[in-house]
Amino acid sequence: MTDIARLFQAFLAPAIFVSATALLILSINVRLMGIVSRLRQYVHAKHDAAKIDRVRAAEAYTAQMSSIEQRAELIRRCFLLVLISLAGTIASCLLLGFGLYWQEAAVVAVVLFVLAMICLLAGTFYYIREVVVALSSVRNEAGDSRFMDLGAPPEIRGHNPL
């Protein structure tokens, strides 16, 4: 009976990290969706500007798209590292369970869990880096005179979503 209790303890300890990592993944996903939505708006706005021969406006959108793509790359790296961490944490849960009956599995579980936490830490640093530069696109847009003669922003101007 004590083996079963130890088995549940082995499964539950890393499960707390699984929950926390899943919440972080949710946050990262929402941020990535926002970045992708903004990038799509700029692609359409650039196309509209090029269509009506507003070269300066199209160049401004191109510059903003480059900045947003750099942010998206930071989030992609963050997302990937945190997902690897989640997979490592889940695998370490399973290995800890096997470790009750096979000693080498417990050692592998500890090593895998430490590696998963290192990936989580690295992913968190990428997230911090993206948050620090998050407003750079807005600041650049506000300071770019090529945006001043555009009128209403593309999301308001009349793109019919239907």
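The values are calculated or read from the model by the stated rules, or taken from the named source; none is laboratory data. Not measured: the values here are computed from a predicted model. FYI the Cβ positions are ideal-geometry reconstructions off the backbone, even for glycines, and counts take in every protein chain you see. Protein only, heavy atoms only, side chains kept; ligands, DNA and RNA dropped before computing areas. Shrake-Rupley method; radii C 1.70, N 1.55, O 1.52, S 1.80 Å.
Numbers for the structure displayed
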| item | result |
| --- | --- |
| Complete set of residues in the stretch 1-55 that are without any contact (Cβ under 8 Å) to a residue 60 or more places away in the chain and among the aromatic types (Phe, Trp, Tyr) | PHE8 |
| Residues (polar (S, T, N, Q) and open to solvent by 40 Å² or more (accessible area, probe 1.4 Å)) located in the stretch 17-40 | SER19, SER27, ASN29, SER37 |
| Candidate set from the stretch 74-97 (those that are at pLDDT 90 or above and open to solvent by less than 20 Å² (accessible area, probe 1.4 Å)); member that is farthest from ALA134 (Cα to Cα) | GLY88 |
| Selection count where residues are farther than 30 Å from PHE113 by Cα, polar (S, T, N, Q) and modelled with pLDDT of 85 or more, scope the stretch 21-65 | 2 |
| Single residue of the stretch 110-145 satisfying the filter (more than 26 Å from the chain's Cα centre (by Cα) and either open to solvent by less than 60 Å² (accessible area, probe 1.4 Å) or among the hydroxyl-bearing types (Ser, Thr, Tyr) (or both)) that is modelled with the lowest pLDDT | SER145 |
| Of residues in the stretch 41-66 being open to solvent by less than 20 Å² (accessible area, probe 1.4 Å) and not hydrophobic (A, V, I, L, M, F, W, C), the one nearest to ILE128 (Cα to Cα) | GLN64 |
| Single condition GLU155 does not satisfy, out of (1) surrounded by fewer than 16 Cβ atoms within 10 Å (Cβ to Cβ); (2) at pLDDT 70 or above; (3) within 28 Å of LEU26 (Cβ to Cβ) | (2) |
| GLU104 vs. criteria under 16 Å from the mean Cα position of the chain (by Cα) and acidic (Asp, Glu) | no |
